[in-house]
Structure formats: structure tokens, C-alpha cells
1. State all residues of the range 17-41 that are surrounded by 10 or more Cβ atoms within 10 Å (Cβ to Cβ) and more than 13 Å from the chain's Cα centre (by Cα); if no residue qualifies, say none.
2. Given the condition exposed (fewer than 13 other Cβ atoms within 10 Å of the Cβ), touching a helix residue (DSSP H, G or I) at 6+ places or on another chain (Cβ under 8 Å) and in contact (Cβ under 8 Å) with a residue 12 or more places away in the chain, answer yes or no: does some residue in the range 75-95 qualify?
3. Considering only residues that are more than 12 Å from residue 87 (Cα to Cα) and in a helix (DSSP H, G or I), which ones fall in the range 34-44?
4. Residues of the range 46-70 being more than 13 Å from the chain's Cα centre (by Cα), in a helix (DSSP H, G or I) and surrounded by fewer than 12 Cβ atoms within 10 Å (Cβ to Cβ), which ones?
């Protein structure tokens, strides 16, 4: 049996989590725009760090959505993780 809870007022953790999702998208856009001018070392480190950040955010989102019925947050996080994976593949295999 799952425990239900009532939110009272604004949820600061929810806002913080939404800002983490926005930060992920900003980092992905900046990295995608600067990908051609990066050296291999910097590009590899940035790509792997973005991928790990996206996986971490996906895990947090999965926990949060299961607990609070916030399933709508899963979609931008999953799409961000897929874009992050595609950036890693693009950098390592196509450049």
C-alpha cells in the first residue's frame, strides 16, 4: 500500500528539480553548439560528464515521479539523456 501525502504551498524540491532539468538542456545546447571547436580531450570529458549528469537526473526523476505522481517530468529528462548519448556518439565516432 502506498502512502499518499498532501502538498501544502510551493514545493522547493520540485522547483529545484525543474531547474536541474533546465540546466541539463542549457548544457546540452551549449555543448552541441561548441562541439566542433573542442579538442578531443575536452570534448571527451564534457561529453562523458553530460552523459553521467543525464543518467543521474534520470534516476532522480524516476524516483521522484514514482513517489509524487509527477510522471510528466520524465519526458524532458529522458529526451535529454538520449540527446546526451547522441552527442557522445557523435563526438567519439563521427568527428
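1. 30, 31, 32, 34, 35, 38, 40 - these are the residues of the range 17-41 that are surrounded by 10 or more Cβ atoms within 10 Å (Cβ to Cβ) and more than 13 Å from the chain's Cα centre (by Cα).
2. Yes, there is a match, as at least one residue in the range 75-95 is exposed (fewer than 13 other Cβ atoms within 10 Å of the Cβ), touching a helix residue (DSSP H, G or I) at 6+ places or on another chain (Cβ under 8 Å) and in contact (Cβ under 8 Å) with a residue 12 or more places away in the chain.
3. The answer is 37, 40, 41, 42.
4. 63, 67 - these are the residues of the range 46-70 that are more than 13 Å from the chain's Cα centre (by Cα), in a helix (DSSP H, G or I) and surrounded by fewer than 12 Cβ atoms within 10 Å (Cβ to Cβ).
Rule-based calculations on the coordinates, nothing more; no lab input. Everything numeric in this text was worked out from a predicted model, so none of it was measured. All Cβ positions, even for glycine, are placed from backbone atoms using ideal geometry, and neighbour counts span all protein chains on display.
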